[in-house]
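Please treat every number below as a calculation from the coordinates, not as lab data. Not measured: the values here are computed from a predicted model. Note that we place each Cβ from the backbone using ideal geometry, even for glycine, and neighbour counts take in every protein chain shown.
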Amino acid sequence: MKVALIGIGQAGGKVVERLTKFDAEMDFDAVQGAFAINSATPDLQSLEHVETHLIGADRVNGHGVGGDNELGAEIMQSDVQEVLGDLDGHVTSRSEAIFVVAGLGGGTGSGGAPVLVHHLQQVYDIPVYALGILPGRNEGSLYQANAGRSLKTIVREADATILVDNDAWHSQGESVESGFESINQNIAQRFGLLFASGEAVEGVGESVVDSSEVINTLRQGGIAALGYASAPASDDSTQNIRSVMSVSRQALLTGTSLPEARVGDAALLVIAGKPETIPRKGVEKARRWLEDETESMQVRGGDFPLDSDRIAALVLLGGVERSDRIQEFLDRARAAQRVEDEKAAGDPADAFANDELENLF
Ligand code: GDP
C-alpha cells in the first residue's frame, strides 16, 4: 500500500521519520511522502528525513503549546490552508491512503491531528487514517485527559484510528526516553511491514496481500490495533507449520499494539518470510484460529514474501472499540479530566487555591 505520512507534534514527527527511514532501508518504496508539522521549532530541527512545516508562529513563536491541546487545535485550524498547500506535492497521486501520526496525550499533535484529518477528508478521496499513540498508565492526568478528548474526536473524523499504547511494544525496565526509542523502532518496523505487505511483489509468493485487504479490514472505521510476532524459520516444514501458528497466536495475544484488544469486526493476517518456508496448512490453520479467537467473521489473509530467516505474523484487527482496554482507557481519561477541571477551578477545600499570596518558600 502506497502511503503518505504526516506526523504532528513531537511523537508524530519522530515516528514518521523512523517509518520513512525503515521503508527506505528495506527498499520497500511504500512511503510516497513524509511530512512533519509542529508548533515547536527545535522538534522540527531534529528531523532529517521528512519535510517540515511550522504552524502557529504568530501565536507561540516556535515555542510549542505545552500540553494545551485546545491551543494545538486552534493553531492548526488557523494555519490549515497553508498546511494543505504545502502538502499538495507530498500526497502524490500514487498514494492509496494517508496516515496522520500523533501522540494523543500532548498538545500540538493531540489538538492538531483531529483538525487536520477533518480537512484532509474534504480534499482527498483516498482513506485518511490516524495512527494514534496513547499515553502509558503512568503518564500524568493532563496526558490522559488530552488523549481522551483527542481520541474521541479523531475517531469521529478518521476513516479508522490504529492505536499504539505506550505500555505496549517496549521492553521492561527501560527509561522513558530509551522506551520511546524502542517503541518508535517497533512502530516503524511493524507499520512499515504492514504498508509494504500491500505492495505487489513480483515473481514470489502465492497469495500476496493487496492494498484493498488492508483498506477493507479497516472499512468499519472506529479503532484498530496491530499485532506482530516472529520466530526463526526452519528447514523442517512440520516445524514451520507450528511456527506459523505460534507467531499468529503471539501477534494477537501478546504482541499487539493495544494489549487485551482481542475481539474485533474484521482481521487481516499477513505471514511474512521466504515463500518456501510458509506452509499453506499452517496459514489456513492460523486463519481459522484467528476467526474463532477474534469472533470476527471476516478474516482476510495473505503471504508477504520477504528475504528473511524468520517467519513473522502481522495481525491487523479492526473494530476493537468495544474491548476492555479501550473502556479502561476512557475511564482513566474521564477521571483525569475531572482532576484537570478541578485544578482549573481551584479546589474548594483548599482555602489558598488560586491565591495571589505566594508561599514564602
Ligand atoms: P506534542 O509535541 O505537543 O504533540 O506532544 P508529544 O508528541 O510529545 O505528545 C506527548 C505524548 O506522546 C505523551 O503521551 C508521550 O508519552 C508521548 N510521546 C512523546 N514522544 C514520544 C515518542 O517519541 N514515542 C512515543 N511512542 N510516544 C511519545
Can you put ILE311, ILE241 in order of Cβ neighbours within 10 angstrom, beginning with the fewest?
ILE241, ILE311
With springs only between Cα atoms under 10 Å, which of ALA225, ALA313, ALA233 fluctuates most in a Gaussian network model of the chain?
ALA233
Quick one: among GLN45, GLN77, GLN250, which has the greatest mean-square fluctuation in a GNM of the chain with alpha-carbon springs under 10 angstrom?
GLN45
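State, as an integer percentage, the relative contact order of segment 18-105 based on alpha-carbon contacts under 8 Å between residues 6 or more apart. Mind dumping the intermediate values first?
Values: 80 pairs, mean separation 22.5, N = 88.
Normalised by residue count, the contact order of segment 18-105 is 26 percent.
What is the percent of Cα-Cα separations in segment 207-355 that go past 25 Å?
For segment 207-355, the share of Cα pairs beyond 25 Å comes to 39 percent.
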Chain lengthening between ARG242 and ARG288 when straightened (0.36 nm per residue, less Cα-Cα):
15.1 nm
Please give the Cα centre distance for segment 279-330 versus segment 48-109, rounded to the nearest Å.
32 Å
Take the Cα atoms of the chain, build their convex hull, and give its volume per residue in Å³.
144 Å³
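Scan segment 126-214 for GluC sites (Glu not before Pro) in coil per DSSP, keeping those whose Cβ has at most 14 other Cβ atoms within 10 Å, and list them by number. Each step should come with its number before you reach the end.
Values: sites: GLU139, GLU157, GLU174, GLU177, GLU181, GLU199, GLU202, GLU206, GLU213; in loops: GLU139, GLU174, GLU199, GLU202, GLU206.
Sites meeting the loop and neighbour criteria: GLU174, GLU202, GLU206.
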Sequence-distant or interchain residues sharing an amide H contact under 5 Å with THR52, placed H: which?
ALA36
Spin-label model distance (nm) - GLN81 vs ALA57, 7 Å beyond Cα toward Cβ:
1.8 nm
Segment GLU25-GLU177, extension gain: residue separation times 0.36 nm, minus the distance between their alpha carbons:
52.3 nm
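In the chain, what % of DSSP beta bridges are antiparallel (nearest 5)?
30 percent
Note down the magnitude of the dipole of the chain about its Cα centre, charges +1 on Lys and Arg C-beta and -1 on Asp and Glu C-beta and zero elsewhere, to the nearest 20 debye. Write down the numbers at each step before the final one.
Details: 29 positive and 56 negative charges, 239 e Å.
That gives the chain a dipole magnitude of about 1140 debye.
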With the contact rule set at Cα under 8 Å and sequence spacing of 6 or more, what percent relative contact order holds for segment 76-216?
19 percent
Which of the listed residues, PHE304, HIS49, LEU290, is farthest toward the dipole's positive end in the chain, when Lys, Arg count +1 and Asp, Glu count -1 at the beta-carbon?
LEU290
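Based only on other Cβ atoms within 10 Å, what is the fewest-to-most ordering of VAL320, VAL83?
VAL83, VAL320
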Can you work out ³J(HN,Hα) from phi for every residue in segment 188-195, in order, using Karplus 6.51 cos²θ - 1.76 cosθ + 1.60 and θ = phi - 60°, giving whole Hz and x for Gly and Pro?
4, 5, 6, 6, x, 5, 4, 4
Long-range HN-HN contacts of GLU174 with modeled amide H, under 5 Å:
none
Run the simple label-point estimate for ALA344 and ARG156 please: 7 Å along Cα→C-beta, distance reported in nm.
1.6 nm
Full-extension gain in nm, GLN45 to GLN327, via 0.36 nm per residue minus C-alpha separation
97.8 nm
Anchor LYS2: lysines whose Cα lies under 17 Å away (excluding residues fewer than 8 positions away in-chain)
LYS21
In percent, how large is the relative contact order of segment 227-271, given Cα pairs closer than 8 Å and 6 or more residues apart?
43 percent
Point-to-point label distance, LEU360-MET297, nm (Cα→Cβ direction, 7 Å offset)
7.4 nm
Considering the Cα trace of segment 82-175, what is its radius of gyration and what is Dmax, both in angstroms?
14.5, 44
Relative compactness, segment 31-148, computed as alpha-carbon Rg over 2.2 N^0.38 Å:
1.03
Among the GluC sites (Glu not before Pro) within segment 256-361, which fall in a DSSP loop and have no more than 11 other Cβ atoms within 10 Å of their own Cβ?
GLU295, GLU356, GLU358
Quick one: which residues, 5 or more positions from THR256 or on another chain, have an amide H under 5 Å from its amide H? H modelled 1.01 Å from N in the peptide plane, none for Pro or chain starts.
TYR228
Return the sequence-ordered ³J(HN,Hα) values of segment 88-100 in whole Hz as given by the Karplus equation 6.51 cos²θ - 1.76 cosθ + 1.60 applied to θ = phi - 60°, using x for Gly and Pro.
2, x, 8, 8, 6, 5, 7, 5, 9, 7, 10, 10, 9
Using a Gaussian network model of the chain whose springs link C-alpha atoms within less than 10 Å, name the residue from GLY33, GLY140, GLY56 with the highest mean-square fluctuation.
GLY140
Rounded to the nearest 0.05, what FRET efficiency do ARG334 and ARG219 give with R0 = 41 Å and r taken as the Cβ-Cβ distance? Could you check?
0.90
